[in-house]
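Laboratory data are not the source of any read-out in this text; all were calculated from the coordinates shown. Treat the numbers as computed from the prediction; the structure is a model and nothing was measured. Every residue, glycine as well, gets a Cβ built from its backbone with ideal geometry; the counts of neighbours run over all protein chains shown.
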Amino acid sequence: EEQNAHQQLESDDSDSTSVQSQLSEATKYAGLVYYEEKGVEDLVTFTASKDLNALVQYIEQRHSQAEMGQNVYFSFHPSRDYLELKLDHTPQKYPFDGWTIQSHFEPCELHRCDIDKFGDASDPIPPCCLISVNKSPRAVPTLHYSIPLEGVVRPVTLYIHRSLRTTNPRTSSSSSNTINEVTAASSNGGASVPAIVDVDVDKLKKVINSVLVSQFAAFASLPKEAIPDLANQLYSVHLINSAVRDNPSVEKFIGEFKASLNFMTEMSEVQEHCLKFLNSFLAVSGSFTSAAKFLYQKWIIAIKTELGIDFIIDINFN
């Protein structure tokens, strides 16, 4: 009798798993690619939602100058709760000599829980993956680049389609707090090829601070026993003073970060400041690595939404 009961429980668990898998496969999501010109580069965004019309409406309202491209439908694989854009230069059918395709975040993933939240009062922005596309003077005239999606039930492939432009980007600005050359700060001291865009540094700093403050509760939940280690990392790159190091807290770290940021007037300073902050979290590892990834993605999305620019930091999360 006990054996029969055990077998019945196993059968019930199997049935439950089967039902969950069927529900997962039955739930359809819509994905959409759209393009925006950012100086000499193209910013490619892939975003997803349960409702394609909601995505289109969002883009028309918040990114009115964007060019909408391919849309796809997909279901998550029962064993995965996220999808990943595989930017590994999978063998391409068409040549892409002279073109550079670079994601802003690695791995380039969209999680189902974030997609499901879009439309809630607290999540008016759909999750997205950002990709920069640059070309050299000798690039082939047309780019048709395939990106497979992993983590979905049936094979889905996105295509980035771009052509060489002949117009020159805007290169001047009248604001003393606006700079025209945006470069990616590099963890190894290098920088990416400049993209010429207008950036109001004061507005940029406000968005960065706003995101950091809005996520205070999440950062306050990090393991307290590792806070002194984070303090040492921040102190070693001159982001906090000795008083904060000796009596550390997340609130004080954020306060010091914001205080230093207020005195910065150049985009490169802001990027380097954010890079040092994120790298300090990565050095502690564990949940602090997840916190760094989370914050960087929040910064990217907020800056793109509020200012219409792509904020790139050359940081290695691996």
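Brief remarks on what is shown
- Extension gain, residue 66 to residue 93: 0.36 nm times the residue separation minus the Cα-Cα distance gives 7.0 nm.
- Of the GluC sites (Glu not before Pro) in region 232-318, those whose Cβ has at most 13 other Cβ within 10 Å and which sit in DSSP loop: 266
- Distant-in-sequence amide H partners of residue 156 (H built 1.01 Å from N, under 5 Å): 149
- Between residue 265 and residue 56, the simple label model (points 7 Å from Cα in the Cβ direction) yields a spacing of 4.8 nm.
- Within region 112-166, trypsin sites (Lys or Arg not before Pro) in DSSP loop having at most 11 other beta-carbon neighbours inside 10 Å: 138, 165
- For the pair residue 117 and residue 213, the difference between a 0.36 nm per residue extended length and the Cα-Cα distance amounts to 32.5 nm.
- Point-to-point label distance, residue 153-residue 82, nm (Cα→Cβ direction, 7 Å offset): 2.3
- Legend: calculated FRET efficiency, residue 246 to residue 290, from the Cβ-Cβ distance at R0 = 25 Å, rounded to 0.05, equals 0.40.
- Using C-alpha pairs under 8 Å with a sequence gap of at least 6, the mean separation divided by the residue count of region 28-163 gives a relative contact order of 30 percent.
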